[in-house]
Amino acid sequence: MIPAVVTVLLAAVLGAAGWMLRASLLVVTVHGPSMRPTYDQGDRLLVRRTGLGRIRRGDVVVFATAGSADPQDPTGGLLVKRAVAVPGDPVPPDIPVDEQVVPAGRLIVLGDNPGRSHDSRSLGYVVADALVGVVVRPIR
């Protein structure tokens with residue numbers, strides 16, 4: 001039989017580990033066709049919370065939009081897109097911004113399904129404060 005002290009200590013350690021995982025990981029559900037063929041409607045993604053400095057070109061990122069306060073928004077105000085330009089990269093030609101190089105604290109994102117994506121072509125830059133994290137993998 002395990003002594004009560006060991007049981008309580010084990011429960012506390014497991015609780016702390018769970019809390020730390022919740023602080024650094026998030027599960028997001030894909031809404032809409034903008035990331036097809038990479039991700040489909042309803043796919044669940046494991047997201048590691050991180051700042052802009054850890055994002056690389058090609059990463060799939062999650063960020064908050066202005067709709068995040070709207071309870072009618074099925075996405076919860078979060079969008080899933082691919083980072084195509086990070087600070088210091090040239091701005092792609094189809095993005096309507098004034099700069100030729102992505103400034104510090106900004107990111108350019110595009111959906112993998114260009115005809116069906118609400119991304120930097122209409123939103124412009126994603127600011128560092130809006131970034132939630134980077135997709136680690138789908139949850140199957």
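The values are calculated or read from the model by the stated rules, or taken from the named source; none is laboratory data. If you're wondering where the values come from, they're calculated on a predicted model, not measured in any experiment. Here the Cβ is made from the backbone with ideal geometry for all residues, glycine too, and neighbour counts use every protein chain on show. Quick note on the areas: whole protein, heavy atoms, side chains included, nothing else; ligands and nucleic acids left out. Shrake-Rupley method; radii C 1.70, N 1.55, O 1.52, S 1.80 Å.
Miscellaneous remarks
- Here each label is just a point 7 Å from Cα along the line to Cβ, and for residue 36 and residue 139 those points are 2.4 nm apart.
- Between residue 44 and residue 66, the simple label model (points 7 Å from Cα in the Cβ direction) yields a spacing of 3.2 nm.
- Percent accessible area from carbon and sulfur atoms, the stretch 23-136, protein chains only, probe 1.4 Å: 50
- Computed FRET value (nearest 0.05) for residue 127 with residue 26, which takes r as the C-beta separation and R₀ as 22 Å: 0.70
- Residues whose placed amide H lies under 5 Å from that of residue 84, excluding near-sequence neighbours: 58, 108, 109, 110
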